[in-house]
Amino acid sequence: MIDVACVGILVADVIAKPVDRIPNAGLLERIDSIQIFSGGCAVNAGIDMAKIGIKTAILGKVGNDNFGSFLRGELVKNNVNTDGLSTDATAQTSASVVLSASSGERSFLHTVGANATFCYADINWDVIANSKIVFVAGTMLMDAFDGADCAKFLKRCKEMGKKTVLDTAWDSRGRWMQVLAPCMPYIDVFMPSIEEAIELAGEKEPEKIADVFFNMGVGQVVIKMGSQGCYLRESKDSEPKMIPCFQVKAVDTTGAGDSFCAGFLSGMAMGLSFAECGRFANAVGAHCVMAMGASSGIKSYAEIQEFITLQEKN
């Protein structure tokens, strides 16, 4: 049985570090490193959970190219089930050039590639049937799947008795709730970042934002609050909780949001309480930013719980 099926985007991340200035046209700027890592919301979360000790699967699409072979290889190497991963011979694998500054903040150059052609017809329902939790990762970056296809998919997952979780990506085209509204009634746990939540809800305060989401049919709300930690609300009538983040030195914030989601989903799979899921998610996020790359710093469930215990003693 698979604990979590991650449905969404796969991206090859070429990370340049440190990039504190861009050279003028025709000039060269020396930096310390340029490396390739697996990336994309679904891949990041899937590999993170596998490292934590959760059985995961990936459903998505890559191109028939070197980047696609690399991503498939990384998933297999990290014991992530790839039965739901398809190949599009007509599109390149999605890729990003990540410019990571000395501060740990980063900027992206991105090509959507095969993520844009992934659709409802590509779903391997045998994988879904064999999974407990279904996580849609990368909404707003899947041109064919976003909106109606995603809503249809989530509705069927609910009918199959699956727990559904959805995270969003930044919508550079400004469509926001126009894309997501059909999906909202079929989301058990909704976990956007605060920046995305503000755009989606048209409100700035977490309580008002959560009310908008509950009124649209979402079961539970988790908002990633960056350096403030996370905002949790189990139901419209429940008291909100703010779980503070762990204070660590950030080396690279690539994949931080995805690692938080992986931590929260891992907590769900392990049967932790809602608040404990938030605390564990913050700890996984802390491990992510302490190392370069989206998944390099992720440890086992026991090691992360030990980190939490030590941090709470200090």
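The values are calculated or read from the model by the stated rules, or taken from the named source; none is laboratory data. A quick note: this is a predicted structure, and the numbers were derived from the prediction, not measured. Cβ placement follows ideal geometry from the backbone for every residue including glycine, while neighbour counts extend to all protein chains displayed. Ligands, DNA and RNA are excluded from the accessible area calculation, which covers all protein heavy atoms including side chains. Shrake-Rupley method; radii C 1.70, N 1.55, O 1.52, S 1.80 Å.
Whether any residue in segment 241-250 is small (G, A, S), at pLDDT below 95 and either surrounded by 18 or more Cβ atoms within 10 Å (Cβ to Cβ) or out of contact with any strand residue (DSSP E or B) (no Cβ under 7 Å at 6 or more places or on another chain) (or both) is what I want to check.
Initially, segment 241-250 is screened for residues small (G, A, S), giving 250.
Now drop any that are not at pLDDT below 95, which leaves 250.
Pick out the ones that are also either surrounded by 18 or more Cβ atoms within 10 Å (Cβ to Cβ) or out of contact with any strand residue (DSSP E or B) (no Cβ under 7 Å at 6 or more places or on another chain) (or both) and you get 250.
Checked against the condition, which is being small (G, A, S), at pLDDT below 95 and either surrounded by 18 or more Cβ atoms within 10 Å (Cβ to Cβ) or out of contact with any strand residue (DSSP E or B) (no Cβ under 7 Å at 6 or more places or on another chain) (or both), segment 241-250 yields at least one hit.
Six or more apart or on different chains, Cβ atoms under 6 Å: show the pairs whose first residue is in segment 86-108 and of a type in the set (V, I, T) and whose second is open to solvent by 20 Å² or more (accessible area, probe 1.4 Å) and assigned to a loop (DSSP other than H, G, I, E, B).
Going by the 6 Å Cβ cut-off, the qualifying pairs are T87/N64; T93/D65.
Please specify each residue of segment 78-105 satisfying the condition of being part of a strand (DSSP E or B) and over 15 Å from I36 (Cβ atoms).
Our first condition is that a residue be part of a strand (DSSP E or B); within segment 78-105, this holds for 81-88, 95-100.
Passing the criteria: N81, T82, D83, G84, L85, S86, T87, D88.
What residue, among those in segment 164-190 that are charged (D, E, K, R) and farther than 20 Å from Y231 by Cα, is least open to solvent (accessible area, probe 1.4 Å)? Even if it seems obvious, please write down each step before you answer.
Step one: list which residues in segment 164-190 are charged (D, E, K, R), which gives 167, 171, 173, 175, 188.
From what is left, the residues that are farther than 20 Å from Y231 by Cα are 171, 173, 175.
On the way: D171: 5, R173: 139, R175: 58 Å².
Only one residue tops the list, namely D171.
Look at F108 and say whether it is among the aromatic types (F, W, Y), under 18 Å from the mean Cα position of the chain (by Cα) and open to solvent by 10 Å² or more (accessible area, probe 1.4 Å). Walk me through how you get there before you give the answer.
Numbers: among the aromatic types (F, W, Y): yes; under 18 Å from the mean Cα position of the chain (by Cα): yes; open to solvent by 10 Å² or more (accessible area, probe 1.4 Å): yes.
In short, yes.
Since A25 meets every condition but one in (1) open to solvent by 50 Å² or more (accessible area, probe 1.4 Å); (2) in contact with a strand residue (DSSP E or B) (Cβ under 8 Å, 6 or more places away or on another chain); (3) aliphatic (A, V, I, L, M), which condition does it not meet?
(2)
Consider S235 against the criteria (1) buried (at least 18 other Cβ atoms within 10 Å of the Cβ); (2) over 19 Å from the mean Cα position of the chain (by Cα); (3) among the hydroxyl-bearing types (S, T, Y): it satisfies all of them except one. Which criterion is unmet?
Going through the list (1) buried (at least 18 other Cβ atoms within 10 Å of the Cβ); (2) over 19 Å from the mean Cα position of the chain (by Cα); (3) among the hydroxyl-bearing types (S, T, Y), S235 breaks only (1).
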